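Just below is one structure, and these are the notes that go with it.
The values are calculated or read from the model by the stated rules, or taken from the named source; none is laboratory data. Quick caveat: nothing in here was measured; it's all calculated off a predicted structure. All Cβ positions, even for glycine, are placed from backbone atoms using ideal geometry, and neighbour counts span all protein chains on display. Heads up: the accessible areas ignore ligands, DNA and RNA and are worked out on the full protein's heavy atoms, side chains in. Shrake-Rupley method; radii C 1.70, N 1.55, O 1.52, S 1.80 Å.
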Amino acid sequence: QIQLVESGGGLVQAGGSLRLSCAASGRTFSNYAMGWFRQAPGKEREFVAGISWSGGITDYADSVKGRFTVSRDNAKNTVYLQMNSLKPEDTAVYSCAAGSRIDFLRAGMMDSWGQGTQVTVSS
């Protein structure tokens with residue numbers, strides 16, 4: 001099983017930026033599609049972004065399109081989420097996940113989860 005560890009969360013003012021990282025170990029990282037999810041208090045977990053194993057295909061939730069960018073570096077076994085123009089409603093625990101395909105990840109079918117990193121956006 002692949003192990004995932006997120007980092008890069010923190011407190012930022014509205015309009016600011018953060019870059020999250022998710023480091024993988026244990027299995028061949030480039031075999032997996034990767035996704036970012038978030039969960040705010042009292043709300044369901046939602047898909048944020050996904051990227052194919054090669055990085056050639058990406059997918060975003062409508063709420064983050066044009067503001068967030070997902071990328072990966074297979075040589076470093078790491079996937080990133082660049083978050084710009086942050087809004088208070090982006091406040092949540094962000095987790096990365098590994099799966100077979102982006103659409104499977106969107107459907108909640110993932111092989112592994114990370115522990116998550118807190119992102120707080122102040123107004």
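Descriptive notes on the structure:
- Student exercise, the chain dipole from Lys, Arg, Asp, Glu Cβ charges, in Debye to nearest 20: 140
- The chain - share of DSSP beta bridges that are antiparallel (%, nearest 5): 90
- For segment 43-91, with +1 on Lys and Arg beta carbons and -1 on Asp and Glu, the positive-most of 49, 74, 61 along the dipole: 74
- Rounded to whole Hz, the Karplus (6.51, -1.76, 1.60) HN-Hα couplings of segment 32-45, x for glycine and proline: 10, 6, 10, x, 10, 10, 9, 9, 8, x, x, 10, 6, 5
- In order along segment 53-65, the Karplus-derived 3J(HN,Hα) couplings, from 6.51 cos²θ - 1.76 cosθ + 1.60 at θ = phi - 60°, round to 4, 8, x, x, 10, 10, 8, 9, 5, 4, 5, 10, 4 Hz, and Gly and Pro are given as x.
- For segment 83-100, putting each phi into the Karplus relation 6.51 cos²θ - 1.76 cosθ + 1.60 with θ = phi - 60° gives couplings of 10, 10, 6, 5, 10, x, 6, 7, 4, 4, 8, 9, 10, 9, 9, 10, x, 6 Hz, in residue order, rounded to whole numbers and with x for Gly and Pro.
- Approximate shape of segment 1-77 as ellipsoid semi-axes (Cα gyration tensor, √5λ), whole Å, largest first: 22, 15, 13
- Amide H contacts under 5 Å for residue 53, placed H, 5+ residues apart: 33
- Largest to smallest principal axis extent of the C-alpha atoms in segment 55-123, angstrom: 37, 25, 24
- Long-range HN-HN contacts of residue 87 with modeled amide H, under 5 Å: 15
- Averaged over its residues, segment 1-116 has an accessible area of 51 Å² per residue, based on protein heavy atoms and a 1.4 Å probe.
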